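So the structure is just underneath, and the comments pick up after that.
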Amino acid sequence: MPRGLVTLPQLACVGVAVAFWQLLLAVTIGWKVVALLAVTWIYFGLMSKEFFAREWLKARPVVYLFSHMAIMPLVDWFATGCDWVPSGQGMPAGLIWFLAASFFNGVVIELGRKIRSPEQEEAGVETYSFLWGRPVAVASWLAAMAATLACALMAAERIGFTVEVAWVLGVLWVGAAVLGWMFVKTLKGKLAKGIEAAAGVWTLALYLTLGVVPLVRQCWMKLS
């Protein structure tokens, strides 16, 4: 439960400071990068206001979910644009698969944090386990993972890292499937928390295998 250690005004101050540094860094790179940042900010602002259609979105959980998760590829689009925009070569052809993986990974995170056991459900909180039932919610979570994996493999093919991504994410998906099956069968609260934790591990593994590790390997090969 929230304990009030960080207040909303404090978060607002941090947000303004981060936005200032984002804009400053974008300006130093170029105005085209500033345009990418502006698109991301505008979408984030609309999302924060529920696109001025809160009740309509709330009545359509899937549309609500997808509309909010679109911010994930937009953030990555801006972040990667800091590299490919200055080069003047345009957006890399394979980047679309990375952005798609980012979108589905956002769905994994969102579903994972809103799957709960019966005793964890709270009045007025619309979790996906409550809206769809736990078997459907868990199946949807695993399907989002599978979609993330498929897109990640397409992206990994462009950087010659397909086998590594397949092994790491494939093993994690199997583990998530076992965890999900156990939760549906037992409805234990600790397994629900395990699903949320698994979504976090999945996210970390995705970005490590598609970004950090291939980059480190490339640098190592250049030095050796």
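Where a number appears in this text, it was derived from the coordinates with a stated rule and is not lab data. Bear in mind that the values here come from a model prediction, so they are computed numbers and not experimental data. Here Cβ is always computed from backbone atoms with ideal geometry, including for glycine, and neighbour counts include all displayed protein chains.
Modelled label positions at Val62 and Ala146, each set 7 Å beyond Cα in the direction of Cβ, lie 1.5 nm from each other. Values of log10 I(q)/I(0) for the stretch 92-223 across q = 0.20 Å⁻¹ run -1.04, by the Debye formula with one identical scatterer at each alpha carbon and no solvent.
Return, ordered by residue number, the residues of the stretch 101-144 whose backbone nitrogen is under 11 Å from a label point located 7 Å along Cα→Cβ of Thr186. Correct set: none at all.
Applying the Karplus relation 6.51 cos²θ - 1.76 cosθ + 1.60 with θ = phi - 60° to the stretch 186-201 yields 3J(HN,Hα) values of 10, 6, 6, x, 5, 6, 5, 5, x, 5, 5, 5, 4, 5, x, 4 Hz, where x marks Gly and Pro. Residue-wise HN-Hα couplings along the stretch 75-80, as the Karplus relation 6.51 cos²θ - 1.76 cosθ + 1.60 with θ = phi - 60° gives them from phi, are 5, 5, 4, 5, 4, 6 Hz; Gly and Pro carry x.
May I ask you to compute the full-extension gain from Val39 to Leu223, defined as 0.36 nm times their residue separation minus their alpha-carbon distance, rounded to one decimal in nm? Walk me through the numbers on the way to the answer.
Details: separation 184, 0.36 × 184 = 66.24 nm, distance 3.80 nm.
Using 0.36 nm per residue and subtracting the Cα-Cα distance, I get 62.4 nm.
Mind ordering 28-37, 58-67 by average Cβ neighbours within 10 Å, highest first?
Working: 28-37: 15.8, 58-67: 14.3.
Per-residue Cβ counts within 10 Å, averaged per peptide and sorted highest first, yield 28-37, 58-67.
Computing FRET efficiency as 1/(1 + (r/R0)^6) for Phe52 and Val18, where r is the C-beta to C-beta distance and R0 is 25 Å, gives about 0.50.
If r is the Cβ-Cβ distance from Leu131 to Val178 and R0 is 25 Å, what FRET efficiency results, to the nearest 0.05? Write down the numbers at each step before the final one.
Numbers: r = 24 Å, r/R0 = 0.97.
E between Leu131 and Val178, to the nearest 0.05, is 0.55.
Note on the chain: GNM, Cα springs under 10 Å; of Arg116, Arg158, Arg54, the largest mean-square fluctuation is that of Arg54.
The Cα center of the stretch 187-208 and the Cα center of the stretch 43-122 differ in position by 18 Å.
Take 11-24, 39-52 and order them by the average number of nearby Cβ atoms within 10 Å per residue, most first; the result is 39-52, 11-24.
Pick out, in residue order, every one of the trypsin sites (Lys or Arg not before Pro) in the stretch 170-224 that is DSSP loop and has at most 15 other C-beta atoms within 10 Å; say none if there are none.
Values: sites: Lys185, Lys188, Lys190, Lys193, Arg217, Lys222; in loops: Lys188.
Passing both the DSSP loop test and the Cβ count: Lys188.
The charge dipole of the chain, taken about its Cα centre with unit charges on the Cβ atoms of Lys, Arg (+1), Asp and Glu (-1) only, comes to about 260 debye.
When the GluC sites (Glu not before Pro) in the stretch 83-123 are filtered for DSSP coil states and for at most 16 other beta-carbon atoms within 10 Å of their beta-carbon, the remaining sites are Glu121, Glu122. For the chain, modelled as a GNM whose springs connect Cα atoms under 10 angstrom apart, the maximal fluctuation among Leu172, Leu57, Leu74 occurs at Leu57. Kirkwood Rh over Cα pairs of the chain into Stokes-Einstein at 4 °C, 1.567 mPa s: D in µm²/s? Taking Rh from Cα pairs, D becomes 67 µm²/s.
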